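This report refers to the structure that appears directly beneath it.
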Amino acid sequence: MILLNRGFMERDDAIVDIEDRGYQFGDGVYELIRVYDGVCFEMEGHVQRLKLSSLKIELALPYPLEDIARNLKQLVEKNGLLNGYIYVQITRGVAQRVHHFPGSVSSVLVAYVQHAERPVEKTKHGIHAILTEDIRWKRCDIKSLNLLPNVLAKQLAKKHGCDEAIMHRGSTVSEGSSTNVYIVERNVIYTHPINNLILNGITRIGVLQMARENGFRVVEEAFTVNELLETDEVFVTSTALEICPVIQIDHTLIGNGKPGLVTRTFQQAFEHRIAFNSGIN
């Protein structure tokens, strides 16, 4: 079952118009929400960010945010999803193709679920990453449908046998192609500040909260490529990868080439966060 606006239907019955502005212009926003044990993880944060992204591009929600959240939860239930994702996107709608916003058009919401196991091997053993120039536009704070630069970076990583591409503007590290990036130097956590050059990840918000709760100093300050390669630990976060150690970047081993103790501490705290969200504790 999928969700199209307010209605639930079989996927084969869903139709997207060829003049939908999401299809023609990437004129829309999206979210990816993790589901653990049938429970939507950090739902409030995701739908609030969906709303914020919509406001930033002057896109009206098709119906109230609380109804959207309720329908997404029903979508999980109708599909019997235990572990996986909800993908939800909102486009400006269907209109004759013009670059400016059309006068009267109704936004379109589409959502579906996908089964996915947790990335246990990657989070346990760590991943390899490559460095690449950040060629994205300057409104990365908007979770828009315009992901071609991210796709190209991720494809480059795949070609090199890596799981992620860490992007930089000049010598300054911004974020991964689908992750936020952190370095750990003498037990201090550094990560790029929130501005228009990165997306404020929902997992990022949780990690920084957990870091402070566990007594770590957090510095939201940009760091350089050299600092990235010479630091004690590197890890990335996202809805899909959770909290994942990076043990090698290009040909450089990070630390001793194994997941670090600080990263492991955050992973343990994240497990407690999932358990609490699922009502286990």
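General observations
- Less than 5 angstrom separates the built amide H of GLY93 from those of ARG21, GLY22, VAL108, all sequence-distant by 5 or more or on a different chain.
- Reachable aspartates and glutamates, given that their alpha-carbon falls under 20 Å from the alpha-carbon of LYS56 and they are not under 8 places away in the same chain: ASP20, ASP27, GLU31, GLU44, GLU66, ASP141
- Computed on the chain, with alpha-carbon pairs under 8 angstrom and 6+ residues apart, the relative contact order is 18 percent.
- Loop exposure criterion: GluC sites (Glu not before Pro), DSSP state outside H, G, I, E and B, at most 10 other Cβ atoms within 10 Å. Applied to the chain, the longest stretch between such sites is 118-220.
- Calculated [θ] (222 nm, deg cm²/dmol) that DSSP helices of n ≥ 4 give over the chain, each run adding -39,500 (n - 2.57): -9500 deg cm²/dmol
- Which of VAL88, LEU32, LEU59, positive extreme of dipole for the stretch 2-115 (C-beta unit charges): LEU59
- Under the criterion of Cα pairs below 8 Å and six or more residues apart, the relative contact order for the stretch 2-115 equals 37 percent.
- Radius of gyration and maximum dimension Dmax of the stretch 182-234, Cα, Å: 11.0, 29
- When you filter the chymotrypsin sites (Phe, Trp or Tyr not before Pro) in the stretch 83-166 for DSSP loop state and at most 15 other Cβ atoms inside 10 Å of their Cβ, you are left with TRP137.
- Among the listed pairs LYS122/LYS159; LYS138/LYS258; LYS78/LYS158, those with a Cα-Cα distance over 26 Å are LYS138/LYS258; LYS78/LYS158.
- Reachable aspartates and glutamates from LYS124, criterion Cα separation under 19 angstrom, eight or more residues apart if same chain: ASP163, GLU164, ASP232, GLU233, GLU242, GLU271
- Summing +1 for each Lys or Arg and -1 for each Asp or Glu among the other residues whose beta-carbon sits under 14 angstrom from that of TYR23 gives -1.
- Across the stretch 242-258, computed HN-Hα scalar couplings (Karplus, 6.51 cos²θ - 1.76 cosθ + 1.60, θ = phi - 60°) run 6, 10, 10, x, 10, 9, 8, 10, 6, 9, 9, 6, 8, x, 9, x, 10 Hz from first to last residue, x flagging Gly and Pro.
- Taking trypsin sites (Lys or Arg not before Pro) across the stretch 1-50, the ones in a DSSP loop with at most 14 further Cβ atoms lying within 10 angstrom of their Cβ are ARG6.
- Trypsin sites (Lys or Arg not before Pro) lying in DSSP loop within the stretch 143-227, provided at most 13 other Cβ fall within 10 Å: ARG186
- Here the Karplus curve 6.51 cos²θ - 1.76 cosθ + 1.60, taken at θ = phi - 60°, turns the phi angles of the stretch 7-24 into couplings of x, 9, 7, 5, 4, 5, 8, 7, 10, 10, 5, 5, 9, 5, 5, x, 6, 8 Hz, with x standing for Gly and Pro.
Throughout, read-outs are computed from the coordinates displayed, never taken from laboratory work. All of these numbers come straight from a predicted model, not from anything done at the bench. Because the Cβ atoms are built from the backbone with ideal geometry, glycine has one as well, and the counts that use them run over all protein chains shown.
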